[in-house]
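Pasting in a structure now, in structure tokens, and then I'll have a few things to ask.
The values are calculated or read from the model by the stated rules, or taken from the named source; none is laboratory data. What you are looking at is a predicted structure, and each value in this text was computed from that prediction instead of being measured. Counting neighbours? That spans all protein chains shown, and the Cβs are built from the backbone with ideal geometry, glycine included. We work out accessible area using only protein heavy atoms, side chains counted, and drop any ligands, DNA or RNA first. Shrake-Rupley method; radii C 1.70, N 1.55, O 1.52, S 1.80 Å.
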Amino acid sequence: MKVIDDFLAIARKEIGYRESGVNVTKYNEWADEESIWFTKVQGLAWCATFVAWCIFKLSNYLWPDGSFCLDDKCCWSDHWLDNFKKAGRFFPTPQVGDFAFKNGHIGIVEITNSTAKLVTVIEGNSHNSVERGTYTWDYWLGFGSP
């Protein structure tokens, strides 16, 4: 699906980006300039802001059921997790382009391996940078499908 390919291409280009201070990033700067959240976020954990920035960069697309993100000016990973659960779009098995959730953290599913039950995600605020990581499926609480 072209939207997923484009979404992942945006996220991949960010791999290696590092924060310039404690949770000081261009993603949080963007969120603050655009008044995306209900509060200023520069200096706060930025995994969800990174994902939102990648969604915003798509600009030509809308997710089928809305973004599950920019509603009520709230974009925290736990808020998204609740939205995906309420919408019946939260699953134990990942698909490419899904959001991976774990205890206040979110990543973007890039690759899945159903035989080995492994998932590779692109995640912001991982070791103070945007990184690619590979994990077992059960490392995550589950996966939200936009």
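When the residues of region 117-129 are narrowed to those that are open to solvent by 50 Å² or more (accessible area, probe 1.4 Å) and in contact with a Ser or Thr (Cβ under 9 Å, 6 or more places away or on another chain), which ends up farthest from ARG18 (Cα to Cα)?
LYS117
Could you check region 95-104 and list, in sequence order, the residues that are assigned to a strand (DSSP E or B) and either over 11 Å from the mean Cα position of the chain (by Cα) or surrounded by fewer than 19 Cβ atoms within 10 Å (Cβ to Cβ) (or both)?
Within region 95-104, LYS102 is the sole residue that qualifies.
May I ask you to list the residues in region 76-97 that are without any contact (Cβ under 8 Å) to a residue 40 or more places away in the chain and of a type in the set (A, V, I, L, M, F, W, C)?
TRP76, ALA87
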